[in-house]
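Working notes, beginning with the structure itself.
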């Protein structure tokens with residue numbers, strides 16, 4: 001009888017010990033329902049698409065580490081204006097978009113292409129990305145050596161709804177130019193521009209883009225196109241009026257035929273969302289990029305110059321609370 005009692009006591013201790021090991025695990029950030037976000041980018045040959053893909057890759061890294069349950073996809077779009085319109089028109093959709101800082105400013109304040117619709121004060125930014133140069137690419141035989149040489153030429157104005165078209169239109173307004181200023185005005189997409197130039201269908205195109213860029217490399221190597229400086233009193237006055245357009249320099253030697261630094265101007269790319277984007281999603285997306293910044297910078301050459309501090313600059317709309325939450329945790333000062 002005594003032996004049976006001892007056995008029961010010992011078994012009781014065994015069961016208690018096992019219970020200590022099989023207690024339910026604490027709830028993780030991945031225990032909730034899956035959440036899906038889409039990042040609107042731009043043309044396949046630009047920097048927006050691979051940059052958006054790089055963000056999604058790092059968000060997915062956090063999901064696999066069970067930090068959250070967010071699934072991220074990237075979408076090729078008409079770029080800045082399309083992205084900001086989609087963000088503004090469908091706040092319930094989990095949509096982020098890469099948007100030029102000038103388009104960001106105009107959409108928030110109801111200027112430029114957004115004057116008729118009015119400003120959207122619900123737009124928010126998570127962080128900025130690479131600087132983007134307003135890049136004028138011309139055929140060697142077109143006799144285009146400055147921006148002022150464009151009247152009477154065959155000019156691609158850019159894809160309607162793109163930041164390229166928007167920025168070029170603003171500068172044309174400063175010059176008093178309209179599409180009729182040119183012998184031919186086309187609205188080709190970025191994927192079509194280099195081919196049209198080398199096929200002698202246009203004389204020049206503008207690409208507001210980070211460098212190096214595949215389209216410009218294609219044009220410079222296939223048909224000896226060159227990059228043209230965009231400088232002068234009208235450009236300087238335009239930059240002073242629009243401080244979100246700082247000077248930009250395309251380094252010598254980056255493209256065939258570009259033997260000296262090419263001076264121009266340009267906005268920054270920014271990651272934007274609606275104020276209705278859940279704070280936790282904005283926080284996790286921001287954290288994914290900033291906590292893996294070295295890896296992020298290595299995913300595309302145009303991102304190589306990024307620092308945590310310069311990714312807080314160049315914005316003209318309020319930061320999303322989720323981004324601010326991460327910046328506070330990381331000790332980053334938002335000026």
Most mobile of 313, 218, 174 in a GNM of the chain (Cα contacts under 10 Å)
174
Between residue 308 and residue 260, what FRET efficiency follows from the Cβ-Cβ distance if R0 is 35 Å, with the result rounded to 0.05?
0.65
Given the Cα atoms of region 200-267, and with Rh set as the inverse mean 1/r over their pairs in the Kirkwood sense, what is Rg to Rh to two decimals?
0.99
Per-residue Cβ neighbour rank within 10 angstrom, fewest leading, 47, 103:
47, 103
Computed Rg/Rh of region 214-304, alpha carbon atoms with Kirkwood Rh:
1.09
If you build a Gaussian network model of the chain, linking Cα atoms that sit under 10 Å apart, which residue out of 156, 83, 298 swings the most?
298
Tell me, in nm to one decimal, what length is gained between residue 252 and residue 111 on full extension, where the rule is 0.36 nm per residue of separation less the Cα-Cα distance?
47.2 nm
Tell me which label goes with the value of P(r) over Cα pairs in 10 Å bins from 0, in percent computed from the coordinates here: (1) 5, 25, 33, 23, 11, 3, 0; (2) 6, 28, 37, 24, 5, 0, 0; (3) 5, 24, 30, 18, 9, 4, 3, 3, 2, 1, 0, 0.
(3)
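Taking R0 as 22 Å, what's the FRET efficiency between residue 75 and residue 293 from their Cβ-Cβ distance, rounded to 0.05?
With R0 = 22 Å, the Cβ-Cβ based efficiency is 0.40.
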Tilt, helix 163-175 to longest principal axis of the chain (alpha-carbon atoms), in degrees rounded to tens, equals 40 degrees
Name all residues of region 209-236 having a backbone nitrogen under 14 Å from the label point set 7 Å from the Cα of residue 191 along its Cα→Cβ direction, giving them as ranges.
215
Linear extension gain, residue 140 paired with residue 335, 0.36 nm per residue minus alpha-carbon span
65.8 nm
Compute the helix-to-body angle for 48-64: its Cα long axis versus the longest principal axis of the chain, expressed 0 to 90° and rounded to tens.
0 degrees
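Ratio of Rg to Rh for region 63-157, alpha carbon only, Kirkwood?
Ratio of gyration radius to Kirkwood radius for region 63-157: 1.11.
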Rounded to the nearest 10 degrees, what's the angle between the helix 279-290 long axis and the longest principal axis of the chain, both from Cα atoms, 0 to 90?
70 degrees
Residue-averaged 222 nm ellipticity for the chain, from DSSP H runs of 4+ at -39500 (n - 2.57), nearest 500
-11000 deg cm²/dmol
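By count of other Cβ within 10 Å, fewest leading, how are 124, 165 ordered?
Lowest to highest Cβ neighbour count: 165, 124.
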Calculate the FRET efficiency for residue 222 and residue 61 from the Cβ-Cβ distance with a Förster distance of 41 Å, rounded to the nearest 0.05.
0.65
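No lab work stands behind these numbers, since they all come straight from the coordinates. Small disclaimer: the values here were computed from a predicted structure and weren't measured. A quick note on method: Cβ atoms are made from the backbone with ideal geometry, for glycine too, and the neighbour counts reach across all protein chains shown.
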